[in-house]
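Report on one structure; see the data block that follows.
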Amino acid sequence: MNRRGVCFVLAAPSGAGKTSLSRALLAGDERVKLSISVTTRGPRAGEVDGVHYHFIDVRAFNKMIERDELLEHASVFGRSYGTPRAPVEAALAAGQDVMFDIDWQGFRQVRAAMGRDLVGIFIRPPTLEDLHKRLVARGDAADEITRRMAQANAEMAHEAEFDYVVINEDFATALEDLRAIFRASRLASFRVLG
């Protein structure tokens, strides 16, 4: 019997710890792989094409939209991001789970496209004050912190749309909560391919 994979979407305000948690999940679970998004922004220091993102130009991005090759796409902070459909579908058909690192708008689009193959998890800080402290501690510029705090309020207003909300007050506890969600979702959604 071949099991169909499950899509796990992790969304969070910037600074809530989503990247650290997703890296820890990926490092400890060979059954899940990260969906690599395409983006029109240039690579940041240390980013590798095909590992962190597929870096493409605006024209190529628009062609992907025209050909319905993206499960979701959005403009975030003036740059375009999207999730290629083909690698996700291939992974799921092969029984591989796929984790998405996208925002709540992308989650809505992927949920519409994937239906029951999707589990949405919203990661939030315990308070907005904690989030502000994290952004300051990681060295974000003051104007960037102001923008991200405003965005965080808007993003957290959508957390009820997700299947689960994980509060990242303590990293180890949040990671174990995520692992429990993954385990339970795999058992609840076990599907045999014909």
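Exactly one condition in (1) under 29 Å from Y164 (Cβ atoms); (2) more than 13 Å from the chain's Cα centre (by Cα); (3) surrounded by 13 or more Cβ atoms within 10 Å (Cβ to Cβ); (4) not small (G, A, S) is false for F77; which is it?
Of (1) under 29 Å from Y164 (Cβ atoms); (2) more than 13 Å from the chain's Cα centre (by Cα); (3) surrounded by 13 or more Cβ atoms within 10 Å (Cβ to Cβ); (4) not small (G, A, S), only one is false for F77: (3).
For residues in region 1-23 being assigned to a strand (DSSP E or B) and surrounded by 20 or more Cβ atoms within 10 Å (Cβ to Cβ), which is farthest from the chain's Cα centre (by Cα)?
C7
If you scan region 93-104, which residues turn out to be within 23 Å of A188 (Cβ to Cβ), in contact with a strand residue (DSSP E or B) (Cβ under 9 Å, 6 or more places away or on another chain) and not in a helix (DSSP H, G or I)?
G95, Q96, D97, V98, M99, F100, D101, I102
Does G95 satisfy being at pLDDT below 95 and either surrounded by 14 or more Cβ atoms within 10 Å (Cβ to Cβ) or touching a Gly at 6+ places or on another chain (Cβ under 8 Å) (or both)?
yes
Tell me yes or no: at least one residue of region 133-143 is at positive phi and surrounded by fewer than 13 Cβ atoms within 10 Å (Cβ to Cβ).
yes
Under 6 Å between Cβ atoms, at least 6 apart or on separate chains: pull out the pairs that start in region 37-54 with a residue that is among the polar types (S, T, N, Q) and at pLDDT 90 or above and end on any residue that is exposed (fewer than 13 other Cβ atoms within 10 Å of the Cβ) and not in a loop (DSSP other than H, G, I, E, B).
T40/V58
Restricting attention to region 24-59, and to residues there that are of a type in the set (D, E, K, R) and surrounded by 12 or more Cβ atoms within 10 Å (Cβ to Cβ), which single residue is nearest to R138 (Cα to Cα)?
Filtering region 24-59 for residues that are of a type in the set (D, E, K, R) and surrounded by 12 or more Cβ atoms within 10 Å (Cβ to Cβ), the one nearest to R138 (Cα to Cα) comes out as E47.
Scan region 154-187 residue by residue and report those that are surrounded by 12 or more Cβ atoms within 10 Å (Cβ to Cβ), out of contact with any strand residue (DSSP E or B) (no Cβ under 8 Å at 6 or more places or on another chain) and either in contact (Cβ under 8 Å) with a residue 12 or more places away in the chain or not in a helix (DSSP H, G or I) (or both).
Those that are surrounded by 12 or more Cβ atoms within 10 Å (Cβ to Cβ), out of contact with any strand residue (DSSP E or B) (no Cβ under 8 Å at 6 or more places or on another chain) and either in contact (Cβ under 8 Å) with a residue 12 or more places away in the chain or not in a helix (DSSP H, G or I) (or both): E169, F171, L175, R179.
Mind checking which pairs have a first residue in region 84-102 that is within 26 Å of G17 (Cα to Cα) and a second that is part of a helix (DSSP H, G or I) and among the hydroxyl-bearing types (S, T, Y), Cβ under 8 Å, 6 or more apart or different chains?
So the pair list comes out as M99/S22; D101/T19; D101/S22.
For region 105-127, which positions are exposed (fewer than 14 other Cβ atoms within 10 Å of the Cβ) and assigned to a helix (DSSP H, G or I)?
A112, G115, R116 - these are the residues of region 105-127 that are exposed (fewer than 14 other Cβ atoms within 10 Å of the Cβ) and assigned to a helix (DSSP H, G or I).
The values are calculated or read from the model by the stated rules, or taken from the named source; none is laboratory data. What you are looking at is a predicted structure, and each value in this text was computed from that prediction instead of being measured. Here Cβ is always computed from backbone atoms with ideal geometry, including for glycine, and neighbour counts include all displayed protein chains.
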